[in-house]
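Below: one structure, written as structure tokens.
The values are calculated or read from the model by the stated rules, or taken from the named source; none is laboratory data. What you are looking at is a predicted structure, and each value in this text was computed from that prediction instead of being measured. Every residue, glycine as well, gets a Cβ built from its backbone with ideal geometry; the counts of neighbours run over all protein chains shown.
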Amino acid sequence: MRRWISLLLPLLVVTAASAAPASRVEFNVMFQGQSGGSEVATTAADGRVHVEQHYRDNGRGPDLSEDYALAPDGTFRRYRVRGTSTFGSRVKADFIREGSSARWNAPGETGQTVPSGPAVYLPIESSFHTYAQVAVAALANGGRIGLLPGGELSVKRLASRTVTGTAGEHEIGLYALIGLGTEPQLLWLTEGKTPRLFAAVEPWLGLIEKGYEAEAVALGQATEAAKAALQQELASSLRHPLPGLTVIRNVRVFDSETAQVGQPADITVFRGRITTIRPAGSAPQDAQATIDGGGRIALPGLFDMHAHLAPSDGALHLANGVTTVRDLGNQNDALETLRDSIARHEAIGPRVVVNGFIEGDSPNAARNGIVVNDVDSAKRAVDWYAERGVRQLKLYNSFKPEWVPPVVAHAHERGLKVGGHIPAFMRAEEAVRAGYDEVHHLNQLLLNFLVKPGDDTRTLLRFTLIRDLLPELDLDSREVRDFIALLAARGTVVDPTLTVHEAFIHVGGEVDPSFAAISDHLPLTFQRALRSGLFDVTAKTLPRDRIVFDRISRFLKQLFDAGVTVVPGTDGFAGFALHRELELYVAAGIPAPRVLQMATRDAARVAGLSAEAGRIAPGYAADLVLVDGDPTTSISDIRRVAAVIQGDTLWQPQELFTALGIKPFAGSVGWTESPVAPPLLPATP
């Protein structure tokens, strides 16, 4: 599943703010260079705009129809959208400006105000064109404009270039839109008095005017370079280097082997590694840097075992104590570039464990990683990943069932483990017996009992079958118990992503239950987005949907009780989703200390890092998280991260969150740095 945050703030498209002769502009929506749909904007002679957006990636996508009319300053005079979102929830919003009064009506938000200055309505879900009109309005008002229901947008020009295509030559500029989220959104506009969209390109998705598709790669590279420059500026301003010997004084260490918290201790770190752990007060006094733990609990850095890392995710992960992520599907070149930037301290981010993504070619394919057409090309993909040090693969929905046994056998011969989704027209038990070492998402396991021959789970059917049929499944049946026993006997690892499944009880218009506890800490744009449901859940369907989610949670507890290895992964909101994932495990009946073991020691073992991470012990990497409170007794205290030590760097979450427009959850630790490095050895008496 694609990160929900990417679905919240899609790439932005611009349309002219003034009336013009009737016109039609078409944009191609591309995934890994192949068309996945389109967005078409038709502007009438009187300036009214109609937008149709339809595209598909990974068997899902939005279908939206919009109509709006603009005021002379480029803001909306009237606005209307109807349709369905990427995961099938209903989209409906209306806005009208009459005189000085502005009114809006959408699920979960109805309001009216008299703006004090130029302001534009910002719908929660819309086409690319509508989001871009916000940028146009800002440009028409000096580069800054108020947002309705709240907030402010600023627009900054970053770069320019010349492009050529079927409609001739264009001068275009790259603009950053600041104020829509925790990072600037970037888009290319034509230059001139009436700027409009030319392209907006991300590693996983490209949107470009038809006839100029050949420019997409170069524009994507330029966009990524601009993002990298922004990330480098952020990293250099917030990183606190820890050269020489560092002492972390007065902390209580969580031992991930025993799942117990020890007595107050001092930890020494040298060249990014833990060297000693001694009783508090016994550490050396000549350290070059000293961090005052203040009696806080020190946890090993947390793992998120199901991520799709983007540059903007790094600061969120570290601010929330996540120092390692396992990337389960990305654009290979973009991910390697990001990993290199993190290693050079040019970007903020966690350690990355890469899983090789292999998908079969089909109209419903997810175009990440490597897309293959037969067994031989799949084996070549295995070899490609093995040669680059990847130690586990992820097979996906369109991978043909008959390819699984030979490809898994080939991967095992090369020393790679294999996991992933269960390919369409295959059952989970068949995949496990064919050699799957891991299965991602609990729905992929539960579909084992719900699919019928011919059910195409490359589509949203992989979710709708769960909602429709799970309440009638007997989780105590022999069939279910035997399947769980098979997983335990085979040592099959499960990455549940329970937070993803909590979307089954999120009623559109209400705050997402996964993030209700943090909503008021987030920028207003995010707070509003948390009311937009993924699935079409209503007050009428909620009682049955609660049964669905309760059964999913119960199934997780059954796996745990049977000894199946569970590692926390989220496939969601960077950093924050992991905290909720751990809360949900405790709510399902797994003890909090054991849950913390899953997110540290157990995850490190599955990731192949058990000699490097997952513990606080001499010789291990200095990946430590200092937390206010005690998450071994109240798992929600995991949100109260006061400091993160990542090798030779101290990160202050208070500073990271503030830079991202997020209200911090804890205070900062005190720390001092010696102005002069001490000698390597004491002077001879």
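Quick one: would you say ILE277 is under 13 Å from TYR620 (Cβ atoms) and surrounded by fewer than 21 Cβ atoms within 10 Å (Cβ to Cβ)?
yes
Given the conditions (1) part of a loop (DSSP other than H, G, I, E, B); (2) at pLDDT 90 or above, which single one is not true for GLY150?
(2)
Might you let me know whether region 116-127 holds any residue that is among the aromatic types (Phe, Trp, Tyr), touching a Gly at 6+ places or on another chain (Cβ under 8 Å) and at pLDDT 90 or above?
no
With respect to VAL390, is the statement that it is touching a strand residue (DSSP E or B) at 6+ places or on another chain (Cβ under 7 Å), surrounded by 15 or more Cβ atoms within 10 Å (Cβ to Cβ) and under 16 Å from GLY329 (Cα atoms) true?
Considered against the rule, which asks whether it is touching a strand residue (DSSP E or B) at 6+ places or on another chain (Cβ under 7 Å), surrounded by 15 or more Cβ atoms within 10 Å (Cβ to Cβ) and under 16 Å from GLY329 (Cα atoms), VAL390 comes out as yes.
Restricting attention to region 651-666, report how many residues are in contact with a His (Cβ under 9 Å, 6 or more places away or on another chain) and within 14 Å of PHE576 (Cβ to Cβ).
Summing the residues that are in contact with a His (Cβ under 9 Å, 6 or more places away or on another chain) and within 14 Å of PHE576 (Cβ to Cβ) in region 651-666 gives 5.
Only one of (1) buried (at least 17 other Cβ atoms within 10 Å of the Cβ); (2) under 24 Å from the mean Cα position of the chain (by Cα); (3) more than 30 Å from ILE552 (Cβ to Cβ) fails for LEU609. Which number is that?
Going through (1) buried (at least 17 other Cβ atoms within 10 Å of the Cβ); (2) under 24 Å from the mean Cα position of the chain (by Cα); (3) more than 30 Å from ILE552 (Cβ to Cβ) one by one, LEU609 breaks only (3).
Does region 593-610 contain any residue that is charged (D, E, K, R), within 12 Å of LEU299 (Cα to Cα) and part of a helix (DSSP H, G or I)?
yes
Does THR194 count as in a loop (DSSP other than H, G, I, E, B) and touching a residue at least 40 places away in the same chain (Cβ under 8 Å)?
yes
Being hydrophobic (A, V, I, L, M, F, W, C), closer than 23 Å to ILE484 by Cβ and either assigned to a helix (DSSP H, G or I) or not assigned by TED's automatic domain parsing to the domain that holds SER312 (or both) is the filter here; which residues of region 563-591 pass it?
If the condition is that a residue be hydrophobic (A, V, I, L, M, F, W, C), closer than 23 Å to ILE484 by Cβ and either assigned to a helix (DSSP H, G or I) or not assigned by TED's automatic domain parsing to the domain that holds SER312 (or both), then LEU582, LEU584, VAL586, ALA587 are the ones that fit.
Counting just the residues of region 336-356 that are touching a helix residue (DSSP H, G or I) at 6+ places or on another chain (Cβ under 8 Å) and closer than 13 Å to LEU393 by Cα, which one comes out surrounded by the fewest Cβ atoms within 10 Å (Cβ to Cβ)?
The extreme case among them is VAL354.
Quick one: is GLN53 modelled with pLDDT under 90 and either in the same structural domain as LYS210 (by TED's automatic domain parsing) or surrounded by 20 or more Cβ atoms within 10 Å (Cβ to Cβ) (or both)?
no
Do we have any residue at all in region 131-145 that's outside any helix (DSSP H, G or I), surrounded by fewer than 17 Cβ atoms within 10 Å (Cβ to Cβ), assigned by TED's automatic domain parsing to the domain that holds GLN112 and touching a residue at least 60 places away in the same chain (Cβ under 8 Å)?
no
Within region 114-130, how many residues turn out to be in contact (Cβ under 8 Å) with a residue 60 or more places away in the chain and surrounded by 23 or more Cβ atoms within 10 Å (Cβ to Cβ)?
So the answer is 7.
Within the set of pairs 6 or more residues apart or between chains, which connect a residue that is on the phi < 0 side of the Ramachandran plot inside region 338-365 to a residue that is acidic (Asp, Glu) and part of a loop (DSSP other than H, G, I, E, B) with Cβ atoms less than 8 Å apart?
ASN364/ASP456
In region 639-664, how many residues are closer than 18 Å to ASP313 by Cβ and either buried (at least 20 other Cβ atoms within 10 Å of the Cβ) or not assigned by TED's automatic domain parsing to the domain that holds GLN288 (or both)?
9
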